[in-house]
Amino acid sequence: MRMILLGPPGSGKGTLAEALCQRYPFIHVSTGNLFRQHIANGSPLGLEIRSYMDQGELVPDELTVKLVEEVLQDPKIREHFLLDGFPRTQPQAALFDQCLKRLGVKLDAALHVHVPDTLIKQRLGGRRVCQGCGKTYHIESYPEKVSGVCDSCGGAVILRPDDRPEVIEKRLKTYHEITAPLVEYYRKQGNLLEVDNSGSIESVLEQLQHKWPHEEQ
Ligand code: AP5
């Protein structure tokens with residue numbers, strides 16, 4: 001099973017990916033997390049990536065696609081990827097199609113996660129993330145057991161630099177202008193699934209049970 005997650009910043013793609021990986025044999029690949037790893041390494045590439053991310057801008061297509069293509073060279077990931085946050089532009093989607101063709105694999109589903117912008121702003125304002133493993137928390141709905149310490153890896157749990165209110169506004173604007181048209185792109189390809197994540201993650205999993213192409217996997 002191979003799937004991509006489409007949805008605005010803060011719509012719960014990362015949280016949902018984690019829940020899906022516990023239930024299905026997916027391998028979660030988040031371009032945002034890959035970029036944050038490069039930043040943490042302090043490499044020149046990481047510095048370049050940071051200059052875009054901290055301002056809420058998209059990282060250039062060429063760099064992003066190259067990184068994803070490298071990850072998909074792993075045969076295990078190629079068979080079971082759950083791509084979170086990629087593709088995000090029309091050129092990325094077209095290059096991704098070509099890449100899948102070269103690798104001889106097919107995308108099974110593009111899952112579009114709906115959440116209204118007002119709720120997104122509340123959720124991102126309270127979001128905290130682990131600097132070590134990228135695990136996501138929320139100060140009210142999903143706090144870490146010990147404040148500031150990741151339940152999974154013991155890393156520091158912090159506010160993401162791009163979760164400042166003015167950057168959240170910019171990311172939402174970019175999403176609606178540049179990424180949202182991909183919903184139609186995948187609808188036309190015939191593999192679009194849509195879910196509403198205004199309620200709980202459990203309710204999203206329930207919605208999926210009725211739409212899922214390979215529920216038994
Ligand atoms: P990325 O890290 O992918 O960020 P994003 O798409 O903006 O999405 P987020 O991680 O902010 O949110 P999410 O949808 O995963 O929500 P989450 O599960 O955390 O990308 C960051 C940056 O990298 C981009 O801005 C860009 O610069 C760059 N980038 C990445 N991919 C790129 C690409 N392809 N091309 C170019 N540039 C790229 O949930 C949010 C909060 O809500 C959490 O606190 C969570 O606990 C809570 N929550 C979630 N669901 C629920 C629920 N049902 N009930 C209650 N709380 C919930």
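The values are calculated or read from the model by the stated rules, or taken from the named source; none is laboratory data. Here the structure is a predicted model, which means the values were calculated and not measured. Glycine also receives a Cβ, built like all others from the backbone with ideal geometry; neighbour counts cover every protein chain displayed. Accessible surface areas use protein heavy atoms only, side chains included; no ligands, DNA or RNA. Shrake-Rupley method; radii C 1.70, N 1.55, O 1.52, S 1.80 Å.
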Of everything in the stretch 128-148 that's more than 9 Å from the ligand (Cβ to nearest atom), in a loop (DSSP other than H, G, I, E, B) and at pLDDT 90 or above, which residue is surrounded by the most Cβ atoms within 10 Å (Cβ to Cβ)?
E144
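Yes or no, residue by residue, for (1) in contact with a helix residue (DSSP H, G or I) (Cβ under 9 Å, 6 or more places away or on another chain); (2) under 22 Å from G10 (Cβ atoms); (3) open to solvent by less than 20 Å² (accessible area, probe 1.4 Å):
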residue: A40; (1), (2), (3): yes, yes, no
residue: P60; (1), (2), (3): yes, no, no
residue: K66; (1), (2), (3): no, no, no
residue: Q73; (1), (2), (3): yes, no, no
residue: R78; (1), (2), (3): yes, no, no
residue: T89; (1), (2), (3): yes, yes, yes
residue: A93; (1), (2), (3): yes, yes, yes
residue: L103; (1), (2), (3): yes, no, no
residue: K106; (1), (2), (3): yes, no, no
Of the conditions (1) modelled with pLDDT under 95; (2) among the charged types (D, E, K, R); (3) closer than 29 Å to R2 by Cα; (4) within 12 Å of the ligand (Cβ to nearest atom), E215 clears all except one; give me its number.
(4)
Any idea which of G125, G199 is within 12 Å of the ligand (Cβ to nearest atom), more than 25 Å from R23 (Cβ to Cβ) and either part of a strand (DSSP E or B) or not charged (D, E, K, R) (or both)?
G125
For residues in the stretch 108-122 being more than 9 Å from the ligand (Cβ to nearest atom) and either small (G, A, S) or part of a helix (DSSP H, G or I) (or both), which is surrounded by the most Cβ atoms within 10 Å (Cβ to Cβ)?
A110
Which of the residues that make up the stretch 48-76 are more than 15 Å from the chain's Cα centre (by Cα), assigned to a helix (DSSP H, G or I) and within 17 Å of I168 (Cα to Cα)?
R50, S51, Y52
